[in-house]
Amino acid sequence: MNENIIVTISPHIKSRNTVQKVMLDVIIACIPIVIASTYFYSTDAIKLIFTCVIFSCLSEFAFQKITKRKTTINDLSAVVTGLLLAFCLPPKLPLWIAAIGATFSITFGKQIFGGLGYNPFNPALIGRAFLQVSWPKEMGLWVSPFDGLTSATPLTISKLNLSDKMPDFFDMFLGNISGSLGEISKFSILLGALYLLLRNQIKLYIPLSYILSVTILAFIFNSDPLFHVLTGGLLLGAFFMATDPVTTPITKTGKIIFGIGCGSLTILIRIKGGFPEGVCYSILIMNMFTPLIDKITKIKRFGG
Amino acid sequence: KINTFGSEPGHSFLLMNNFLFEVEELLGGESIRKIFGKKPEEIKNKKFWNYYHQILSIFLINVSIFWSVDKIILGGPMMGIAQGVLDVPVIKGTSGILVQELKNLSHFSDYGPCIHCGRCIDVCPMNLMPNFLSYYSEHMLWEKCKEYFPNDCIECGCCAYECPAKRPIVQQIKLAKFNLSKQ
């Protein structure tokens, strides 16, 4: 007879899924995007991604040491934040700006609210919005792939009616256009999203309602729907940012409302607003409504 | 003299007076009817039941020695209660006895914050929202808890099984029930 019987609370079996494995799946889904951005921007992309990941991990570790909290660096959420921040930065951004952005997004986007699970906004998008208002000139420095010459993104060309040549849809799909690291190659984003869907880490409610509302509204505003889907960070935002579980509603109805709100705001900013791209701000604005949406879309209990 | 040959639960064998019995054959209600031609509740002889109790207890103790189990649970894996000592009665709600070895245990020493993944909502058979119940109970906001109907919880443990942050959701809901009943 074993003298040391273990006594724990029920349930006595638990699923093997942990927060760390969820984050690891997101990192694996990011690998196609990393490969695609490295293919199109070579060493610039690698340097930027490594700077963002290293500085977000370091700042999380430092913040938790200073505030004497438990170090949660091994749940890999800081790596995901760093990767996603790097994906929405332009390739020729000076590395010190990227480092400041990564530190800001971890410190003021996540840790100041209490760490993972308590942040009201997507930390990567907070970092990008901060860099956008602080260094607008550097953040608007888009270069075309391979040769590294300055060229406008398709959305800027369409917004400002520039004389640059508009790339065709096939180039937009494969990624041979200028833009930020993660948003150029739609093919790699779809590969990553497919992996996340197969591993059951994201659900299709938000991406589908987001993309469909963008398509329908673009059609209403007499704009090419396919152009709006294939340009900018729409697919990256829909599959990787707007599906972040912490900052999005939890019920199915709430997710669909969130997606429709994001899509409407994106089209509103792109067509009527001052910025050429509106994915970042639309997701951040809808993040603010998440507690409200959660409150009004309570599930009806069984028999209630 | 009684010996057991444990192979797997439900298919263990008893060696009793040099006869080999399958445990199910000897101890189930159906098997009693087959052997004695009476339903179990019709047998009033106390000596008979004392003898059967002995067989069952010796069998259980032999199993725990034979396997040197690390965890003994009264009830099933989801809602059963782990026992610290073996001198406990079997009550009406005990649907079975489960033993686990150390290598099969789910070891999660600590739990993290809720990441709002919504897995608990998907599996809840009563259509509750265990993530909010767990959150408000953790922060002792009982009035907020009430809005999410903790008293409807049947404590099945599905939410705590699925939770990737390994939160003790069932225990937090039980705490909310207790504190709401005090008011």
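Rule-based calculations on the coordinates, nothing more; no lab input. These numbers come from a predicted model, not from an experiment. Neighbour counts are summed over all protein chains in view; Cβ atoms, including those assigned to glycine, are modelled from backbone coordinates with ideal geometry.
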Quiz item: Ranking A:Val143, A:Val34 by Cβ neighbours within 10 Å, fewest first, what do you get?
Solution: A:Val143, A:Val34
Practice problem: Averaging sequence separations of C-alpha pairs under 8 Å and six or more residues apart, then dividing by the length of region A:84-226, give the relative contact order as a whole percent. | Solution: 21 percent
Self-check item: Residue mean of other protein chain beta carbons inside 10 Å, B:77-85
Solution: 4
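When the dipole is taken about the Cα centre of region A:36-172, and only Lys, Arg (+1) and Asp, Glu (-1) are charged at their Cβ, what size is it in debye, to the nearest 20? If you can, show how the numbers build up before the last one.
Details: 11 positive and 8 negative charges, 131 e Å.
My answer is approximately 620 debye.
Considering all projection directions equally, how large on average is the shadow of the alpha-carbon convex hull of region B:64-183, in square nanometres?
8.9 nm²
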Quiz item: PRE reach from A:Lys70 (point 7 Å along Cα→Cβ): which of region A:1-45 fall under 17 Å by backbone N?
Solution: A:9, A:18-21
Quiz item: If r is the Cβ-Cβ distance from A:Thr43 to B:His139 and R0 is 45 Å, what FRET efficiency results, to the nearest 0.05?
Solution: 0.40
Quiz item: What does the charge count near A:Pro249 come to, summing +1 for each Lys or Arg and -1 for each Asp or Glu among other residues with Cβ under 13 Å from its Cβ?
Solution: +3
Quiz item: Taking the alpha-carbon centroid of each part, what is the distance from region A:229-244 to region A:100-164 in angstrom?
Solution: 14 Å
Practice problem: Quick one: give the max-minus-min coordinate of the C-alpha atoms of region A:1-70 along each principal axis, largest first, in Å. | Solution: 64, 33, 19
Practice problem: With unit charges on the beta carbon (Lys/Arg positive, Asp/Glu negative), name the residue among A:Phe108, B:Tyr161, A:Leu125 whose Cα is farthest towards the positive pole of the charge dipole of the protein assembly as shown. | Solution: B:Tyr161
Self-check item: Stokes-Einstein D (µm²/s) once Rh is taken as the Kirkwood radius of region A:257-297 over alpha-carbon pairs, at 37 °C in 0.692 mPa s
Solution: 317 µm²/s
Quiz item: Which of A:Ala193, A:Ser10, A:Thr253 sits closest to the plus end of the dipole of chain A, meaning its Cα is farthest towards the positive end, when Lys and Arg get +1 and Asp and Glu get -1 on the C-beta?
Solution: A:Ser10
Practice problem: Report the FRET efficiency, 1/(1 + (r/R0)^6), for A:Asn200 and B:Gln54, where r is their Cβ-Cβ distance and R0 is 41 Å, rounded to 0.05. | Solution: 0.25
Quiz item: If we sort B:78-88, A:152-162, A:129-139 on the protection proxy, mean other Cβ atoms within 10 Å, highest first, what's the order?
Solution: A:152-162, A:129-139, B:78-88
Quiz item: In this model, which of A:Lys65/A:Lys203; A:Lys70/B:Lys174; A:Lys47/B:Lys166 are farther than 31 Å apart at the alpha-carbon?
Solution: A:Lys65/A:Lys203; A:Lys47/B:Lys166
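Assigning unit charges at the beta carbon (Lys, Arg +1; Asp, Glu -1) and nothing else, what dipole magnitude in debye, to the nearest 20, does the protein assembly as shown show about its Cα centre?
The dipole magnitude comes to about 1140 debye.
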Quiz item: Net charge near B:Cys145, counting Lys/Arg +1 and Asp/Glu -1 over other residues with Cβ under 14 Å of its Cβ?
Solution: +3
Quiz item: If you build a Gaussian network model of chain A, linking Cα atoms that sit under 10 Å apart, which residue out of A:Ile73, A:Ile13, A:Ile106 swings the most?
Solution: A:Ile13
Quiz prompt | Between helix A:252-267 and chain A: long-axis angle, C-alpha atoms, 0 to 90°, nearest 10 | solution = 20 degrees
Quiz item: Can you give the three extents of the C-alpha atoms in the protein assembly as shown along their principal axes, from longest to shortest, in whole Å?
Solution: 101, 46, 45
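Around B:Pro40, under 13 Å between beta carbons, what's the net of Lys plus Arg minus Asp minus Glu among the other residues?
+2
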Quiz item: Applying 1/(1 + (r/R0)^6) with R0 = 35 Å to the Cβ-Cβ distance of A:Ile285 and B:Gln183, what FRET efficiency is obtained, to the nearest 0.05?
Solution: 0.35
Practice problem: Could you pull out every one of the lysines with an alpha carbon less than 24 Å from that of B:Lys38, ignoring same-chain neighbours closer than 8 positions? | Solution: B:Lys46, B:Lys47, B:Lys92
Quiz item: What's the average, rounded to a whole number, of partner chain beta-carbon atoms within 10 Å of each residue's beta-carbon in A:237-250?
Solution: 2
Quiz item: What nm value, rounded to one decimal, do you get for the distance between A:Lys137 and A:Ile27 when each label is placed 7 Å out toward the C-beta?
Solution: 3.8 nm
Quiz item: GNM on chain A, C-alpha springs below 10 Å: top fluctuator among A:Phe121, A:Phe50, A:Phe219?
Solution: A:Phe219
Self-check item: Over chain A, relative contact order from alpha-carbon pairs under 8 Å, at least 6 apart, %
Solution: 17 percent
